[in-house]
Amino acid sequence: MTAQYLPTACKSCGRAALAPIHLGVEPTCQRCGARARVVPGEAYQERDIALFEQLEMLVYGAELSAQDTQVVSILLSDVADRTKAPDLVVARLLRFLPGLAHLTPPLPEARPDLAHALGMLLPIVGTRFRHPSSQAPHA
Ligand SMILES: [Zn+2]
């Protein structure tokens with residue numbers, strides 16, 4: 001069996017990461033080493049890490065305001081939209097996350113893959129939403 005990777009959120013530095021989950025072992029933040037919290041939701045695989053990290057950098061770099069973060073969360077939370085019309089959701093998100101248009105490789109056109117990428121954005125944006133104070137520069 002391949003290891004499962006779950007999104008984790010670090011309370012200390014406010015960053016999200018995809019971490020391999022081992023039963024009984026607390027995940028730690030790969031950036032600052034603090035204890036990280038597993039974000040309930042979808043599980044991923046090792047091959048998803050690259051895209052997850054790219055999306056995380058993108059969201060982090062966008063420095064969304066609290067209000068914009070909330071709007072983005074709401075857009076992503078619509079599961080029906082996300083699975084049936086992910087292209088439409090991406091189009092709405094571009095206003096807040098213009099970097100989505102410049103991903104390499106670009107976001108897939110295929111709906112299931114696009115919905116998969118949007119699913120990853122949810123825990124990332126959720127982490128930003130819960131830990132906005134970490135926008136402040138840190139050592
Ligand atoms: Zn951290």
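Please treat every number below as a calculation from the coordinates, not as lab data. Bear in mind the structure is a predicted one, so any value in this text is a computation, not a measurement. Positions of Cβ are generated from backbone atoms using ideal geometry, with glycine treated the same way; all protein chains shown enter the neighbour counts.
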Fill in the blank from the handout: With only helices counted (DSSP H, runs n ≥ 4, each -39500 (n - 2.57)), the per-residue ellipticity at 222 nm for the chain, to the nearest 500, works out to -13500 deg cm²/dmol
Fill in the blank from the handout: The alpha-carbon pair-distance distribution computed for the range 5-133, with 5 angstrom bins and whole-percent values, is 2, 11, 22, 25, 21, 12, 5, 1, 0
Handout entry: Rg over Rh, two decimals, the range 76-115 (C-alpha only, Kirkwood Rh)
Key = 0.95
Practice task
Kindly state, to the nearest 0.05, the FRET efficiency for residue 3 paired with residue 35, given R0 = 22 Å and r defined as their beta-carbon distance.
Solution key: 0.65
Fill in the blank from the handout: Which of 128, 82, 47 fluctuates most in a GNM of the chain (C-alpha springs under 10 Å)? That residue is 47
Exercise for the section: Name the residue, out of 126, 14, 24, whose mean-square fluctuation peaks in a Gaussian network model built on the chain with Cα pairs under 10 Å. Expected result: 24
Completion exercise
Relative contact order as a percentage, the chain, C-alpha pairs under 8 Å and 6+ apart, gives 29 percent
